[in-house]
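**Student:** Before I ask anything, let me first share the structure, which is written out below as structure tokens.
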Amino acid sequence: MKSLIVSAALLVIAAPAFADGDVAKGEAQFNKCKACHSIIAADGTAVVKGGKTGPNLYGVIGRAAGSTEFAYSDLMKAAGAKGLVWNQEEVAKYVADPTAFLREKSGETSGASKMTFKLATGGEDVAAYLASLAK
């Protein structure tokens, strides 16, 4: 019994600090995002047809912030210049409060993200969905 408790404790310690999220839930959650964002593969295939208010999110995981052809906010450009590269954890934090996230990452105290929508829950699922598309 003691070894079981120790094993369980080691698993908790060894587990990543951030859960990967659920791809299927993220795909469903992305319906909230497609009003502004599309997901178009490099070959032009539309994975998700959506709006053009926000940038194409295909391949966003692993990409430097503000690095594609799009009219990004000054905060996004500053965060990218400071080295922000999108991973699942960063995407999940960003969608929860885009302006606060970018201020923290850029070191700026003013300015706003062009993304005014906040995804209160499910950010980790959307991030997992976006990561699944680049594989």
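The values are calculated or read from the model by the stated rules, or taken from the named source; none is laboratory data. Not measured: the values here are computed from a predicted model. Note: ideal-geometry Cβ built from the backbone for every residue, glycine included; neighbour counts use all protein chains shown. Ligands, DNA and RNA are excluded from the accessible area calculation, which covers all protein heavy atoms including side chains. Shrake-Rupley method; radii C 1.70, N 1.55, O 1.52, S 1.80 Å.
**Student:** Cα extents of segment 34-110 along the three principal axes, largest first, in whole Å?
**Tutor:** Between the extreme Cα coordinates on each principal axis of segment 34-110 lie 38, 22, 22 Å.
**Student:** Considering the values (1) 15.9; (2) 15.4; (3) 16.4, which represents Kirkwood radius over Cα pairs in Å as calculated for the structure under consideration?
**Tutor:** So the structure-derived entry is (1).
**Student:** Kindly provide the helix-only [θ] at 222 nm of the chain, computed as the sum of -39,500 (n - 2.57) over DSSP H runs of four or more divided by all residues, to the nearest 500 deg cm²/dmol?
**Tutor:** The per-residue figure over the chain is -12000 deg cm²/dmol.
**Student:** At 1.4 Å probe radius, can you tell me the per residue accessible area of segment 48-125 in Å²?
**Tutor:** Value returned for segment 48-125: 54 Å² of accessible area per residue.
**Student:** Can you list residues from other chains, or at least 5 along the same chain, whose modelled amide H is less than 5 Å from the amide H of VAL47?
**Tutor:** ILE39, ILE40, ALA41
**Student:** Taking only C-alpha pairs under 8 Å that are 6+ residues apart, what is the relative contact order of the chain in percent?
**Tutor:** For the chain, the relative contact order is 30 percent.
**Student:** Which entries in LYS25/LYS118; LYS77/LYS105; LYS93/LYS114; LYS49/LYS77 show an alpha-carbon gap greater than 19 Å?
**Tutor:** LYS49/LYS77
**Student:** Which net charge results for the neighbourhood of GLY26, defined as the other residues with beta-carbon distances under 9 angstrom from its beta-carbon, given Lys and Arg at +1 and Asp and Glu at -1?
**Tutor:** Neighbour charge sum, excluding GLY26 itself: -3.
**Student:** Summarise the accessible area of the chain (1.4 Å probe, protein heavy atoms) by the percent that is carbon and sulfur.
**Tutor:** The nonpolar share, carbon plus sulfur, comes to 58 percent.
**Student:** In a shell of Cβ-Cβ distance under 14 Å around THR116, excluding THR116 itself, what net charge do Lys and Arg (+1) and Asp and Glu (-1) give?
**Tutor:** It works out to a net charge of +2.
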